[in-house]
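In what follows, a single structure is set out as structure tokens and then discussed.
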Amino acid sequence: MHEAVFSLSHVALPFPPDDPLYGSSPPEKSGQLFLGSQALQGERGLLKISGDYLLRLRHNPFYDYLQWRTLNWISRELSSLQTPAQ
């Protein structure tokens with residue numbers, strides 16, 4: 001599923017693959033700004049920013065797993081704070 005992913009950028013950490021701005025595919029609404037996966041086409045050296053910058057992964061393909069782990073940790077911590085009524 002994530003065979004092509006070899007590294008995450010810091011930008012990718014908080015965004016799920018279905019994020020409308022940074023996700024893995026453009027939203028269904030046409031005309032909405034989308035920065036997720038961009039294909040560079042054109043002449044080299046034309047852009048003021050490096051093409052390498054645009055190759056960074058914008059979404060986290062492991063977001064569901066991280067969300068699950070985070071919510072479980074919060075749940076455990078909250079449970080440990082609750083003491084039985086005396």
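All of the numbers you see were taken from the coordinates with simple rules; none came from a lab. All values derive from a computational prediction rather than experimental measurement. Neighbour counts are summed over all protein chains in view; Cβ atoms, including those assigned to glycine, are modelled from backbone coordinates with ideal geometry.
How much FRET efficiency would the formula 1/(1 + (r/R0)^6) give for Asp64 and Ser25, where r is the Cβ-Cβ distance and R0 is 22 Å, rounded to 0.05?
0.85
Tell me, in nm to one decimal, what length is gained between Leu46 and Ser80 on full extension, where the rule is 0.36 nm per residue of separation less the Cα-Cα distance?
That pair, Leu46 and Ser80, stretches by 6.5 nm at full extension.
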